[in-house]
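Below: one structure, written as structure tokens.
The values are calculated or read from the model by the stated rules, or taken from the named source; none is laboratory data. The model shown is predicted, which means the values in this text are computed figures rather than measured ones. No Cβ is skipped: glycine too gets one built from the backbone with ideal geometry, and neighbour counts run over all protein chains shown. Calculation scope for accessible area: heavy atoms of the full protein, side chains included, ligands and nucleic acids excluded. Shrake-Rupley method; radii C 1.70, N 1.55, O 1.52, S 1.80 Å.
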Amino acid sequence: MGEGGYVLRRAPSADYMADRPFGHVDEAALVMAAFDAGVKAPEVVGVLEPGDGLGTGYVMRRVLAEVSPAKILAGPPPSLLGDLGRELARIHSIPLDRVPAAIPLMDTATALAELRARFLSYGGDRPVIALAIRWCEDHLPAPADPVLVHGDYRMGNVMVDADGLAAVLDWELAHRGDAHEDLAFGCMTVWRFGALDKPAFGVGSLDDYFAAYEAAGGVTVDRERFRFWLIYRTLWWALGCLQMGQMWRSGADRTVERVVIGRRTAEQELDLVRLLEDEAPEAERARDLPPSKPVVPEPAGEPTNREIVQAVRDWIEGSIKPQAEGHAKFEAVVAMNALGIVLRDLDAGVRAEDAELAAALLSGTTTLAEPGLLAKLRRAVLDKCAVDSPKYAALAAARADWRG
């Protein structure tokens, strides 16, 4: 593990931390407990105090290693998958009496009920999300003996060097709960960054990952429990993306990035249909997809909305982006992405909302056994993802599988 210098993790204000279940003092104590237990957590060397005038936070010894998933997955070190399994087993083996009391216990049934309530507060009109909520309610596993759950164990939150896993970062979602939640999270399609043929972190096979985890002292992996958490966490992130849109709408965060992430719900809906389609009868899985909505020809008179948006996007690309640097360049790219979504949306005229169908799926009165429903949902998620995230790797895979 290379070292050099220090890193400050901080919050600029109390409001920034208001909705979190524990603050930076407890987070620092948790990271220190993990480090002392032999986990490759950062080494905390100091915690901010009110008199420092810097808000809340803590200082860590810097780790020199790669964090970019694209760069890591382009050539992962041979030991990486085993390292990931071993390190997670170490996290789950930390005695709970060494975990700060403020780290909450997650009750799965309560958490699922909160997801349902959030969905309804966002309109309750996305059929695929309703389908996933109902499936999770019908397949809720029995409570597990709690362990320390990292809560965000995935590519993007680990650092890797030539020798393998160098550090586990971002502990703010930690809680006491089911070990299988952590096992599943890094295996979500979105966190495999295009490596669809390697279901464990985009690095390797589930069999090898589970074997490494169990060999290092982790709990015996229950495949059905793992599947529940894979679906639950995909559902959780779908609602997380919708929440980004709510944050922008409420004024809590008016950045363009927030609204763009809000449209990534389509990725998770696509993944949820792929995860849940086996629940449908074989005849429904073999059914042909209905056609996409036909594109309406544009008038030839005054400039259309599409042409105006295209003009603004071209201006940003040609005049603003080349002059921008640092975060301003990033924001220009995000703005171009946002306008690209609008352009595709204007062409396709696709909507994901269907309150009546969502209510029927949520109540269980409609299921994937209904003739034509799976084909309808497949077409809907293909067309919506093509608008919102056309480069999402699972989109091409789903088109091939569904002949869409």
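Select from segment 353-379 the residues that are open to solvent by 20 Å² or more (accessible area, probe 1.4 Å), part of a loop (DSSP other than H, G, I, E, B) and of a type in the set (A, V, I, L, M) and list them in ascending order.
Scanning segment 353-379 gives a single hit, Ala369.
Taking the condition modelled with pLDDT under 95, within 30 Å of Thr255 (Cα to Cα) and in contact with an Asp or Glu (Cβ under 7 Å, 6 or more places away or on another chain), does Ala348 pass?
yes
Does segment 178-198 contain at least one residue that is more than 17 Å from the chain's Cα centre (by Cα), open to solvent by less than 40 Å² (accessible area, probe 1.4 Å) and either among the hydroxyl-bearing types (Ser, Thr, Tyr) or under 25 Å from Ala109 (Cα atoms) (or both)?
yes
Can you give me the number of residues within segment 260-276 that are free of Cβ contacts under 8 Å to residues at least 40 places away in the same chain and of a type in the set (Gly, Ala, Ser)?
Number satisfying all stated conditions: 1.
For Arg249, all conditions in the list (1) open to solvent by 50 Å² or more (accessible area, probe 1.4 Å); (2) in contact (Cβ under 8 Å) with a residue 40 or more places away in the chain; (3) in a helix (DSSP H, G or I) hold save one; what is the number of the exception?
Result: Arg249 fails condition (2) only.
I'd like to check something: does segment 111-122 contain any residue that is small (Gly, Ala, Ser), open to solvent by less than 30 Å² (accessible area, probe 1.4 Å) and touching a Ser or Thr at 6+ places or on another chain (Cβ under 9 Å)?
no
Would you point out which residue out of Ile308, Ile261 is under 16 Å from Leu346 (Cβ atoms) and either open to solvent by less than 40 Å² (accessible area, probe 1.4 Å) or in a helix (DSSP H, G or I) (or both)?
Criteria check complete, one pass: Ile308.
Going residue by residue through segment 380-393, is there one that turns out to be open to solvent by 60 Å² or more (accessible area, probe 1.4 Å) and not in a loop (DSSP other than H, G, I, E, B)?
No, every residue in segment 380-393 fails to be open to solvent by 60 Å² or more (accessible area, probe 1.4 Å) and not in a loop (DSSP other than H, G, I, E, B).
Go through segment 22-76 and give me each residue that's farther than 22 Å from Arg154 by Cβ and among the polar types (S, T, N, Q).
Of everything in segment 22-76, just one residue is farther than 22 Å from Arg154 by Cβ and among the polar types (S, T, N, Q), namely Thr56.
Part of a loop (DSSP other than H, G, I, E, B) and either out of contact with any Lys or Arg (no Cβ under 6 Å at 6 or more places or on another chain) or without any contact (Cβ under 8 Å) to a residue 12 or more places away in the chain (or both): which single residue out of Gly240, Gly301, Gly318 fits that description?
Gly301
Which residues, taken from segment 137-168, are in a strand (DSSP E or B) and farther than 21 Å from Gly75 by Cβ?
Val147, Leu148, Val149, listed by residue number.
Restricted to segment 94-118, and to residues that are free of Cβ contacts under 8 Å to residues at least 60 places away in the same chain and in a helix (DSSP H, G or I), which residue is nearest to Arg225 (Cα to Cα)?
Of everything passing the filter in segment 94-118, Ala109 is nearest to Arg225 (Cα to Cα).
Just give me the residues in segment 12-35 being over 13 Å from Ala102 (Cβ atoms) and surrounded by 13 or more Cβ atoms within 10 Å (Cβ to Cβ), in sequence order.
Matches in segment 12-35: Val31, Met32, Ala34, Phe35.
Name the pairs whose Cβ atoms lie under 6 Å apart, with the first residue in segment 200-214 and within 10 Å of Cys187 (Cα to Cα) and open to solvent by less than 10 Å² (accessible area, probe 1.4 Å), the second basic (Lys, Arg) and at pLDDT 95 or above, and 6 or more positions between them or separate chains?
Gly202/Arg192
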